[in-house]
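> Just dropping this structure here.
Quick note: the coordinates plus some simple rules give every number you see, no bench work behind them. Because the structure is a prediction, the values reported are computed rather than measured. For neighbour counting, all protein chains shown are included, and Cβ atoms are generated from backbone atoms with ideal geometry for every residue, glycine included.
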Amino acid sequence: MPTYRDNDAVTTLVAAAIFVPSPTELLARATTLARSSTHRQPVAIASAHVAGDADRVRVLAADHALDHPHEVLVAWMAAAATPTTASTKDAS
């Protein structure tokens, strides 16, 4: 059974991973501690974020937000995800 300490550790590792130059080890540790989908989802979102997969970040974050609308870290990653294709507006 996961403990509150494990839950806090997952969140801390995910937060650290999105800001360090080499996040692989931190995400691996977070994956090991994430025992529920509630904690595995932010790890997957962070993995997509550090890989630069903005589309995947937005899709996963939208799904996660349905059950956890107040999770700030996931909301931040979704907001930071930039579209992979830019739309052009008519200048007229």
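> Quick check on Glu71: is it on the phi < 0 side of the Ramachandran plot, surrounded by 13 or more Cβ atoms within 10 Å (Cβ to Cβ) and of a type in the set (Asp, Glu)?
Numbers: on the phi < 0 side of the Ramachandran plot: yes; surrounded by 13 or more Cβ atoms within 10 Å (Cβ to Cβ): yes; of a type in the set (Asp, Glu): yes.
Yes; evaluated as a whole, the condition is true for this residue.
> Restricting attention to the stretch 15-68, and to residues there that are of a type in the set (S, T, N, Q) and surrounded by 19 or more Cβ atoms within 10 Å (Cβ to Cβ), which single residue is farthest from Ala81 (Cα to Cα)?
For the stretch 15-68, the residue satisfying everything is Gln41.
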